Amino acid sequence: MIARAAALWDERRKANADRPRFTLSISTPTNQDARAIGEAIRQRLLASGELGQTRMTLAAIDKNTGEHYAMPIATGEKVRLFSRTNAAMLDGSKGAIGDNGSILEITSIRDEGLVLRNDHGREGFVKWDTLADKESGRMRLAYGYAMTTNTAQGITTTEHIFVTPGGSQTTDGFKTYVSGSRHRERDYWLTSEGAERQEIAGRRPLGDPRPIREHDIWTNWTRNIARQPEKTNALDLVKIGEEARRNAARAFLKGLAADEKREAAGLPADLSQRFARTQARAGAQGRLAETMARGGEEKRQALARIERAAPAVRAAVAAGWERARPLIEAAHRSARVRLQSALEGHRRQAQRRAEEHPVEQASRKRGRSR
């Protein structure tokens, strides 16, 4: 899937090489996939001689995931920034050359840093210290040939390629809308058939012999890209807090009213005792909730282990069936031959009896006539 995405990117770029204003972009759900696609595209550019010789390999970090990786760079390289980055412009001015998600081209590699060019054609020198992560010291850079769906928001290109190497389960309706509306002329969607089949098989019972057909794959793909998960927003949190406040006020007034009735009847107030009992019940419920939470976590872990084992079990069942099928088919053929032979013997015996019956009748008649 990664190689196919890089090949499609190369095909579309070359097919539109005569269009100076043609632009092409790739988006994918995760930073790991974007980096893998970027590395595949970079290998194609190196093979075609479109990048300069690799000058150095950076120790880089993905600030979104915290992942560390080695990043070879060369002149002509497209890189992505992870934060607003200041530069000393080659025209003598100073300022920001890009923001988080900006894609820039390396025009020169120096001992002190990089010379980068942005989409507006401005070039500026950026020191290594400016690019370095304050905690790890690694460079906050990634290849800029592919980007995540979130980073792709706001861009518009002539053509766009949306890639889901992990299958359509890694996206939903919101992300698909973002990646599916980045183009002016044409959009391509690539997904992994293997990942789609694995998701479909994972939802079926173990040992389900039904084949996964093309229709099932498209149905699964459509179901995933149509999902619209609900998210709790700030107004929902305000509503929940207000409801909790009202319930607490009602409970407090109810307790005071009960205490006043006892005092009017000449009985001692028991608000403090009822409060203590409520606290005890709350403590018991809290312990019960913790026990249930632990049980739920154990159940989740058990289901996860079953889920991880499911493909192996399914493969073992399928392999066992494949090994047993020749024996079962041979036994079936043998039983059918024996049954046909028995039926044929029964038919011949019945035919002989029918042929012998008229001879016996004639013999009896001749005996009576004598």
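The values are calculated or read from the model by the stated rules, or taken from the named source; none is laboratory data. On a predicted model such as this, the values are computed, not experimentally measured, just so you know. As a convention, Cβ positions derive from the backbone with ideal geometry for all residues, glycine included, and neighbour counts pool all protein chains shown.
Cβ-Cβ distances below 6 Å connect the following pairs, each with a first residue in the range 172-192 that is more than 16 Å from Thr156 (Cα to Cα) and touching a residue at least 40 places away in the same chain (Cβ under 8 Å), a second residue that is in a loop (DSSP other than H, G, I, E, B) and charged (D, E, K, R), and a separation of six or more residues or different chains: Asp172/Arg227; Gly173/Arg227. Filtered by the rule that a residue be acidic (Asp, Glu) and within 25 Å of Thr149 (Cβ to Cβ), the range 222-242 gives Glu230, Asp236. Taken together, the residues in the range 223-279 that are modelled with pLDDT of 75 or more, within 30 Å of Thr191 (Cα to Cα) and among the basic types (Lys, Arg) amount to 2.
Does Ala201 qualify as being surrounded by 13 or more Cβ atoms within 10 Å (Cβ to Cβ) and in contact (Cβ under 8 Å) with a residue 40 or more places away in the chain? Criteria met by Ala201. Inclusion of Asp216 among residues that are modelled with pLDDT of 90 or more and either over 30 Å from Arg13 (Cβ atoms) or not in a loop (DSSP other than H, G, I, E, B) (or both) is warranted.
The residues of the range 169-183 that are within 14 Å of Arg223 (Cα to Cα), polar (S, T, N, Q) and either over 11 Å from the mean Cα position of the chain (by Cα) or surrounded by fewer than 17 Cβ atoms within 10 Å (Cβ to Cβ) (or both) amount to a single one, Thr176. Inspect all residues belonging to the range 48-55 and state whether any of them is closer than 21 Å to Glu159 by Cβ and assigned to a loop (DSSP other than H, G, I, E, B). Within the range 48-55 (the criterion being closer than 21 Å to Glu159 by Cβ and assigned to a loop (DSSP other than H, G, I, E, B)), the answer is yes, since at least one residue qualifies. Based on what the data block shows, is Arg250 assigned to a loop (DSSP other than H, G, I, E, B) and either of a type in the set (Lys, Arg) or in contact with a Lys or Arg (Cβ under 6 Å, 6 or more places away or on another chain) (or both)? Taking the combined requirement at face value, the residue does not satisfy it.
Results for (1) under 35 Å from the mean Cα position of the chain (by Cα); (2) assigned to a strand (DSSP E or B), shown as yes or no for each residue.
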residue: Ala60; (1), (2): yes, yes
residue: Pro72; (1), (2): yes, yes
residue: Thr75; (1), (2): yes, no
residue: Ser83; (1), (2): yes, no
residue: Ala88; (1), (2): no, yes
residue: Gly92; (1), (2): no, no
residue: Thr107; (1), (2): no, yes
residue: Asp111; (1), (2): no, no
residue: Leu114; (1), (2): no, yes
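Candidates are the residues of the range 152-185 that are part of a strand (DSSP E or B) and of a type in the set (A, V, I, L, M); the one that is farthest from Ala17 (Cα to Cα) is Val163.
Do you know which residues across the range 135-151 are among the small types (Gly, Ala, Ser) and either under 27 Å from Gln43 (Cβ atoms) or part of a strand (DSSP E or B) (or both)? Reasoning before the result, please.
Within the range 135-151, the subset among the small types (Gly, Ala, Ser) is 136-137, 142, 144, 146.
Selection gives Ser136, Ala142, Gly144, Ala146.
Is it the case that some residue within the range 184-191 is over 15 Å from the mean Cα position of the chain (by Cα), acidic (Asp, Glu), buried (at least 16 other Cβ atoms within 10 Å of the Cβ) and at pLDDT 90 or above? No; the residues of the range 184-191 include none that is over 15 Å from the mean Cα position of the chain (by Cα), acidic (Asp, Glu), buried (at least 16 other Cβ atoms within 10 Å of the Cβ) and at pLDDT 90 or above.
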